[in-house]
Each structure stands twice: as C-alpha cells, then as structure tokens.
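The values are calculated or read from the model by the stated rules, or taken from the named source; none is laboratory data. Quantities reported herein were computed from a predicted structural model and do not represent experimental measurements. Here the Cβ positions follow ideal geometry from the backbone for every residue, glycine too, while neighbour counts run over all protein chains shown. Ligands, DNA and RNA are excluded from the accessible area calculation, which covers all protein heavy atoms including side chains. Shrake-Rupley method; radii C 1.70, N 1.55, O 1.52, S 1.80 Å.
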Amino acid sequence: MQNYSQTFESRRRIKPRIWNADYCLLRGLAREVRAFAIAKAEPGLTVVDYGCGAKPYQVFFPVTCRYLGVDTCENPYADLVMQHGQKVPLADGAADLVLSTQVVYLVADFDNYLAECRRLLKPGGWLLLTTHGTWTYHPASGGDFYRFTQDGVRHILGRNGFNIVALTPVVGTLGTGLHLRQLVFNQWLRRLHLGWLAAPLNVVTNLRIQFEDWLCPHGTRMSSPVILCALAQASDPA
C-alpha cells in the first residue's frame, strides 16, 4: 500500500491545482484544517480523523501526535474500520481533537455520528467539522442526505454536546453561484469532447471566486456558502 501522502487524493487536497474545478473548495478546506492544527495540536495529543479517507490532512499535525484515522468502509488507509452504527473502538474521552471533514452530510443518522464525536473527546476537547452548505448532489459511501445553514450547524452541534467557538465559510454566497455554474460547464465540456477547455475556464472562474470572496462582507459570505467550517469545544457532561 502506498503511503497516504503519496496518493493522488492526498496531493490534490493538500495542494489543489488552480485549473481544477474544486480548487477553491480544497484550498479553503486545507487552510481551515491547517489553522486548526496550528492552534490546537500540541505535541503528544491524540487526534481522531473520523471519516478519514486517505488521511490527507495528517501532514498538518505534529508527528508527535497520535493520529488515528477512522472509517466505516473498506479503507486501507484507516487505522480503525467499523460498520455503520457501530461505536468507534476507543474509550470514552480518548481523543483531544476530532477532525470531521465533509462527512456529516453523508450520514443519514448524523446524531449518532456526532454523539460518537462527543464521546471520543475529553471534556474541553476540540472538534473541527466541515460540511456542505450549498452544493450539487454528491453521493458517496451510500448516499448524500443533507445540506446545512449556519443555524443548522449550530443546532446539530449544540444538541450533541458542543459549543461553537467559530463558524466560517469556504466559498461564500457570491462564489457559490460561480462554482455551481463551473461544475455544470465542466460537465458539458466533457460530454462535448471539449474537456481541454475546462482548464482555462477553471483558472478564470477560480480567480473570480477568490476576488468576489475578498469583496464580500462576512455576513453575506455566510448566507449561502458552499462549505461551512465549525470549530467547536466539547462541553462538560451534565
């Protein structure tokens, strides 16, 4: 098996290419996870990447951290694999940090998933959760079930034992419209056997998305972003 850092998926997520349609999304996600690691990942802490894929973001965390990838499919990169609905085979409070990137919208019973995130964390531990706000249908691992607003993210985390400290958008409201059209145009070009035109189109569109995000005030960006990133702290048990 290749080292996770050598896989295409990991390279693409850590160093996205500006000529790809998902450049702005992946760039924003990498920025948020890197900031989380810098702020919270002290040497010796245990980090659980819950829904880890190829563990692309492990490179952002100190090598002295215990980094555990968890997944619910036949994933050769995961350290712990279990079936849907099963508990992660770790003790309560085993983790100092939990990372959940683009997972919760794929989980039909996301309350169980979030309850596991909370169970795994020590009181006062930190969760970074990212999920889609506005995006196209994207089934993976069995289904694509939800889209969330900022109020929805606050609600589902609050009722599962988390206090949100910060909520930020990746690709804000203006950029969302551009990005959705970008995805459609890429698909059309492939069907017309004109895929070579996608790269220059994507470069122009990605630059425009970044410029419009820069122009847009935070409140407007939060209205209908492509992705919402929540930094949340595990509350003390009642």
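Numerical summary
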quantity: Furthest towards positive pole of dipole, ASN160, ILE209, TRP188, structure part the stretch 144-238, Cβ charges; calculated: TRP188
quantity: The chain: most fluctuating residue of THR205, THR220, THR173 per GNM, C-alpha cutoff 10 Å; calculated: THR220
quantity: For the stretch 35-107 versus the stretch 123-157, the gap between their alpha-carbon centres in whole angstrom; calculated: 16
quantity: Top of GLU42, GLU212, GLU74 by mean-square fluctuation, Gaussian network on the chain, Cα under 10 Å; calculated: GLU74
quantity: Accessible solvent surface per residue of the chain, calculated while the other protein chains remain in place, 1.4 angstrom probe, Å²; calculated: 49
quantity: Surface share of carbon and sulfur [accessible, 1.4 angstrom probe, percent] for the stretch 1-154; calculated: 53
quantity: Nearest 10 degrees, 0 to 90: helix 23-40 Cα axis against the chain principal axis; calculated: 30
quantity: Amide H contacts of ASP49 (H built 1.01 Å from N, under 5 Å, at least 5 apart or other chain); calculated: LEU68, GLY69, VAL70, LEU99
quantity: GNM flexibility winner over the chain from TYR57, TYR105, TYR137 (Cα, springs under 10 Å); calculated: TYR137
quantity: Cα gyration tensor shape for the stretch 1-152, rounded if a/c is under 1.5, else prolate or oblate; calculated: rounded
quantity: Residues with amide H under 5 Å from that of CYS73, placed H, sequence gap 5 or more; calculated: MET82
quantity: Fraction of alpha-carbon pairs over 17 Å apart in the stretch 130-216 - percent; calculated: 61
quantity: Cα-centred dipole magnitude for the chain, charges only on beta-carbon of K, R (+1) and D, E (-1), debye, nearest 20; calculated: 700
quantity: The stretch 50-61 - phi-based ³J(HN,Hα) in whole Hz, Karplus 6.51/-1.76/1.60, Gly and Pro as x; calculated: 9, x, 7, x, 8, 6, x, 8, 4, 5, 7, 9
quantity: Derived scalar couplings ³J(HN,Hα) [the stretch 160-169; Karplus, 6.51 cos²θ - 1.76 cosθ + 1.60; whole Hz; x for Gly, Pro]; calculated: 10, x, 10, 10, 6, 9, 8, 9, 10, x
